[in-house]
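The values are calculated or read from the model by the stated rules, or taken from the named source; none is laboratory data. All values derive from a computational prediction rather than experimental measurement. Note that we place each Cβ from the backbone using ideal geometry, even for glycine, and neighbour counts take in every protein chain shown. Please note that ligands, DNA and RNA were not included when accessible areas were found on the heavy atoms of the full protein model with its side chains. Shrake-Rupley method; radii C 1.70, N 1.55, O 1.52, S 1.80 Å.
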Amino acid sequence: MKIKEKIKIGIDKIGFAMPKYFLDIRDLAIGRNENENKFVKGLMQSEMSIAPVTEDIVSLGASAAEQILDEEDKKNIEMVIAGTESGIDQSKASAVFIHHLLDIQPFARSVEIKEACYGATAALSFAKNYIEKNENASVLIIASDIAKYGINTPGESTQGAGSIAMLIKKDPKIAVINDENLCQTRNIMDFWRPNYSDFPMVDGHFSTRQYLDCLTTTFDEYKKDTVKIYPILTPSASIFHSQNLD
């Protein structure tokens with residue numbers, strides 16, 4: 001019996017959108033009486049994107065996707081997943097609004113994943129699992145956020161806004177999603193925004209310590225499976241979550 005070859009699934013198209021307004025990070029440094037190198041070199045920033053009141057994660061997400069989708073894509077998309085930490089509704093998924101704006105075929109599942117920085121990464125895993133069972137389907141993933149901090153707070157310089165749209169399908173043109181992964185969950189109050197607050201609660205130094213410890217312990221756990229050791233010891237590239245913390 002011939003064993004069916006496993007299909008390759010990943011990113012076939014990718015688009016990006018951001019507001020047209022921005023603040024030169026050097027001007028912020030002057031306004032806050034800080035040395036500009038704290039932001040320019042320390043955070044490796046030059047500009048901060050600013051979303052006007054007329055723009056939100058839905059309009060940014062739809063704009064990013066509209067750049068890459070053609071009519072055939074919209075007919076084949078069977079799922080729209082929005083990964084965000086800037087939800088616009090306490091019950092309705094932002095993906096539903098995006099699905100409508102893009103005029104994607106009606107029999108598509110539309111959901112939102114709210115999980116800080118991890119939402120879109122989880123969406124990639126969900127999309128891969130779905131396409132493994134529905135080979136001719138496509139999944140649209142939207143990663144869209146508007147990060148806001150209080151005026152004169154430590155996180156103010158790390159604000160921004162933007163969106164990325166990814167079309168996930170078999171035999172992708174851009175990147176294949178690897179099967180090898182490991183996750184870790186900790187209930188840590190280093191960064192969170194309760195319903196009563198307009199801005200997140202942040203403890204930057206505590207967050208840095210937790211991130212580094214999670215990275216170390218997760219990597220150690222990953223190495224326990226000897227089957228996975230070889231590919232991680234000779235990587236062609238490694239992607240890490242980057243945190244801009246004061």
Provide a single number: the residues in segment 83-127 that are on the phi > 0 side of the Ramachandran plot and at pLDDT below 95. 1
Since SER157 meets every condition but one in (1) out of contact with any Phe, Trp or Tyr (no Cβ under 6 Å at 6 or more places or on another chain); (2) buried (at least 22 other Cβ atoms within 10 Å of the Cβ); (3) closer than 30 Å to ILE30 by Cβ, which condition does it not meet? (1)
Neighbours by Cβ (under 9 Å, 6+ apart or cross-chain): first from segment 71-82, at pLDDT 95 or above; second of a type in the set (Asp, Glu) and surrounded by 23 or more Cβ atoms within 10 Å (Cβ to Cβ): ILE81/GLU112; ALA82/GLU112
Being without any contact (Cβ under 8 Å) to a residue 24 or more places away in the chain and closer than 15 Å to ASP73 by Cα is the filter here, so list the residues in segment 85-109 that pass it. HIS99, HIS100, PRO106
Test: ILE177 is in contact (Cβ under 8 Å) with a residue 24 or more places away in the chain, open to solvent by less than 70 Å² (accessible area, probe 1.4 Å), touching an Asp or Glu at 6+ places or on another chain (Cβ under 8 Å) and closer than 20 Å to ASN134 by Cβ: no
Filter result for ILE146 (buried (at least 18 other Cβ atoms within 10 Å of the Cβ), assigned to a helix (DSSP H, G or I) and out of contact with any Cys (no Cβ under 6 Å at 6 or more places or on another chain)): no
Consider GLU112 against the criteria (1) within 19 Å of LEU60 (Cα to Cα); (2) among the charged types (D, E, K, R); (3) assigned to a loop (DSSP other than H, G, I, E, B); (4) in contact (Cβ under 8 Å) with a residue 12 or more places away in the chain: it satisfies all of them except one. Which criterion is unmet? (3)
Of all helices (runs of 4 or more DSSP H) completely enclosed by segment 1-96, which ones contain at least 3 residues that are more than 27 Å from GLU132 (Cβ to Cβ)? 25-31, 37-40, 57-66
Being over 18 Å from the mean Cα position of the chain (by Cα), open to solvent by less than 80 Å² (accessible area, probe 1.4 Å), of a type outside the set (S, T, N, Q) and under 30 Å from ILE188 (Cα atoms) narrows VAL58, VAL40, VAL111 down to just VAL40
Pull up segment 181-221, narrow it to residues that are open to solvent by less than 50 Å² (accessible area, probe 1.4 Å) and part of a loop (DSSP other than H, G, I, E, B), then point me to the one that is nearest to ASN152 (Cα to Cα). PRO200
